[in-house]
Amino acid sequence: MIETVYVEKKIKEHPRTKFILSKFKKATIIEIDRYGEIFNKRNQNFRIQKKNPDLILAFKNDGYVLSAPEGFGIGSSKNYYFSHMYNCIYDCRYCFLQGMYSSANYVIFVNFEDFDKEIEKVIQDNKDNKTTFFSGYDCDSLALETLTGFAKHITTLFTKYPDVDIEFRTKSVQTEPFASIEPLKNVIVAYSLLPDLMSKALDNKTPSTLKRINAMSHLAAKGWKIGLRFDPLIHGKNWEKLYKDLLDNIYNTIPSHSIHSVSFGPLRFPKEMFKDIFKLYPQTPLFSGPLSQHNGVVSYDLDIEEEMTSFCSNITKNYIDKSQIFKCSA
Ligand code: SF4
C-alpha cells in the first residue's frame, strides 16, 4: 500500500502522472523539484524502507538507453537496455538493486516518448547490426504494468521494427499487454525462474514458480516467444534434483517452438555491492553458501559455476537447439 507519492512539479500535469495518481486516492501527495531529493537522500535504510516504500513520479532527463554490460545477451551483436522505473515490488534476496540504491522507494519516469526517440536513434545507428533491447533492467519489466502501461507503449513502438528484438524480463504473472494482441516475432517475454523450494525461500513477494510457468504457458499458447532465464543459478542441498525437476517440468509444458532462448547465469555480485547486501541481510543462508571472491566479484567457485551451468545446459539440449542456449556472465 503506497501511502505517499512524491511528484516532480515539472510533470504534475502530465496525463500519465494524473492516471497514476488516480490509483492512489488516499495517498499523501507531495510536490518536489527533483526525484533525487528523496531517492538519493543519505542515511536511508533500504531494508526498513522496503517494508513500506513510497512512490516517486519523475521526468527522466537523460540516459534513456544504455549499452548492456559485456556478457549480457541472447545472441545479438548489439545489446541495450532501458528502465522506465527504478526498484521493484518484489524482494528477492539476491537482487542487485538492494545493493545499488540506498532507497527502496519506487521511481516511475512518465516521459515515455523520450525513451522512444532514443530507442529509434539507437536503431537507426545500428542498421547493420542484429540488436536486442532489454526493458526493465532496474526493475521488473511487467510487475507494475497495470499502473504504468510502459510495456504496452514500447511494444507498439517495436511493431515498426520487426528485425529488432525486445525482451521484457519478469517474475510477474502479468500477461498484458501481450494476451490481448497478436504475437510479434521480435518480442520475447522472458521469465526468471528458480526451483520452487529455492524460490519460496528467496523470491520474496513474487508469484510462485508454478504460477509463472502457467503464465508463460498461456502466452506461449497464444504464439508469443518465451525466454527462460535461470539467472542466478543457486547452489544448495539437492540442487541437481531441484533443477532437473524444474527444467523437465518447463520443457514438458512449453513447446520447444515457443522457446526463444534459455540463459544461465551464476550467482554473482560486485564485491562492494555484496558488502552492502550482506549488511542488510547477514542471516540469509544464501550468503553462507560456498561463495568466494575472484577479480572483484563475489560468486561461487568457478568449478561450481561450471558444474551447475553444464548440468542445466545438458538437460536443456535434450529439448532445444544448443544455439538457443546462452551463458550470462554480466
Ligand atoms: S524480480 Fe528481479 S528486480 Fe525484482 S526484486 Fe527480484 S531480482 Fe530484483
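The values are calculated or read from the model by the stated rules, or taken from the named source; none is laboratory data. Here the structure is a predicted model, which is why all the values come from computation and not from measurement. Positions of Cβ are generated from backbone atoms using ideal geometry, with glycine treated the same way; all protein chains shown enter the neighbour counts. Heads up: the accessible areas ignore ligands, DNA and RNA and are worked out on the full protein's heavy atoms, side chains in. Shrake-Rupley method; radii C 1.70, N 1.55, O 1.52, S 1.80 Å.
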*How many of the residues making up the range 88-110 are touching a strand residue (DSSP E or B) at 6+ places or on another chain (Cβ under 7 Å) and more than 10 Å from the ligand (Cβ to nearest atom)?*
8
*Read through the list (1) in contact with a helix residue (DSSP H, G or I) (Cβ under 7 Å, 6 or more places away or on another chain); (2) assigned to a helix (DSSP H, G or I), then give the number of the only condition that residue 117 fails.*
(1)
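Can you spot a residue in the range 303-324 that is surrounded by 14 or more Cβ atoms within 10 Å (Cβ to Cβ), more than 30 Å from residue 223 (Cα to Cα) and more than 24 Å from the chain's Cα centre (by Cα)? First the steps, then the outcome.
Step one: list which residues in the range 303-324 are surrounded by 14 or more Cβ atoms within 10 Å (Cβ to Cβ), which gives 304-305, 307-309, 311-313, 315-316, 319-320, 324.
Filter again for more than 30 Å from residue 223 (Cα to Cα), leaving 304-305, 307-308.
Now narrow it down to the ones that are more than 24 Å from the chain's Cα centre (by Cα): 304, 307.
The answer is yes; a qualifying residue exists.
For the range 160-187, how many residues are part of a loop (DSSP other than H, G, I, E, B), away from the ligand (no atom under 16 Å from the Cβ) and touching a Lys or Arg at 6+ places or on another chain (Cβ under 9 Å)? Walk me through it before giving the result.
The initial filter retains those residues of the range 160-187 that are part of a loop (DSSP other than H, G, I, E, B), namely 160-164, 171-177, 181-186.
Narrowing further to those that are away from the ligand (no atom under 16 Å from the Cβ): 160-164, 175-177, 181-186.
Narrowing the set further to residues that are touching a Lys or Arg at 6+ places or on another chain (Cβ under 9 Å) leaves 162-164, 175-177, 181-186.
Residues flagged as part of a loop (DSSP other than H, G, I, E, B), away from the ligand (no atom under 16 Å from the Cβ) and touching a Lys or Arg at 6+ places or on another chain (Cβ under 9 Å) within the range 160-187 amount to 12.
Here is a yes/no grid of residues against (1) more than 16 Å from the ligand (Cβ to nearest atom); (2) open to solvent by less than 20 Å² (accessible area, probe 1.4 Å); (3) closer than 17 Å to residue 2 by Cα; (4) in contact with a His (Cβ under 6 Å, 6 or more places away or on another chain):
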{"position": "46", "(1), (2), (3), (4)": "no, yes, yes, no"}
{"position": "63", "(1), (2), (3), (4)": "yes, no, no, no"}
{"position": "112", "(1), (2), (3), (4)": "yes, yes, no, yes"}
{"position": "146", "(1), (2), (3), (4)": "yes, no, yes, no"}
_Pair list, Cβ < 8 Å and 6+ apart or interchain, from the range 162-187 residues that are open to solvent by 50 Å² or more (accessible area, probe 1.4 Å) to residues that are among the β-branched types (Val, Ile, Thr)_ = 176/146; 181/155
*When you go through (1) within 13 Å of the ligand (Cβ to nearest atom); (2) more than 16 Å from residue 74 (Cβ to Cβ); (3) among the basic types (Lys, Arg) one by one for residue 200, which number turns out not to apply?*
(1)
*asked:* Anything in the range 251-290 that is farther than 20 Å from residue 192 by Cβ and in contact with a His (Cβ under 9 Å, 6 or more places away or on another chain)? List them, or say none.
replied: 290
_Of all residues in the range 209-240 being within 16 Å of the ligand (Cβ to nearest atom) and open to solvent by 30 Å² or more (accessible area, probe 1.4 Å), the one that is nearest to residue 140 (Cα to Cα)_ = 231
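Could you say which residue among 190, 201 is within 30 Å of residue 111 (Cβ to Cβ) and not in a loop (DSSP other than H, G, I, E, B)? Before the answer, list the steps.
Values: 201 fails: within 30 Å of residue 111 (Cβ to Cβ).
After applying the criteria, what remains is 190.
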*Scan the range 291-302 residue by residue and report those that are surrounded by fewer than 16 Cβ atoms within 10 Å (Cβ to Cβ) and not hydroxyl-bearing (Ser, Thr, Tyr).*
293, 294, 295, 296, 297, 301, 302
*Report the residue count in the range 241-284 for those that are touching a strand residue (DSSP E or B) at 6+ places or on another chain (Cβ under 8 Å) and either outside any helix (DSSP H, G or I) or open to solvent by 50 Å² or more (accessible area, probe 1.4 Å) (or both).*
14
*Any idea which of (1) under 18 Å from residue 228 (Cα atoms); (2) away from the ligand (no atom under 13 Å from the Cβ) is the one residue 206 doesn't satisfy?*
(2)
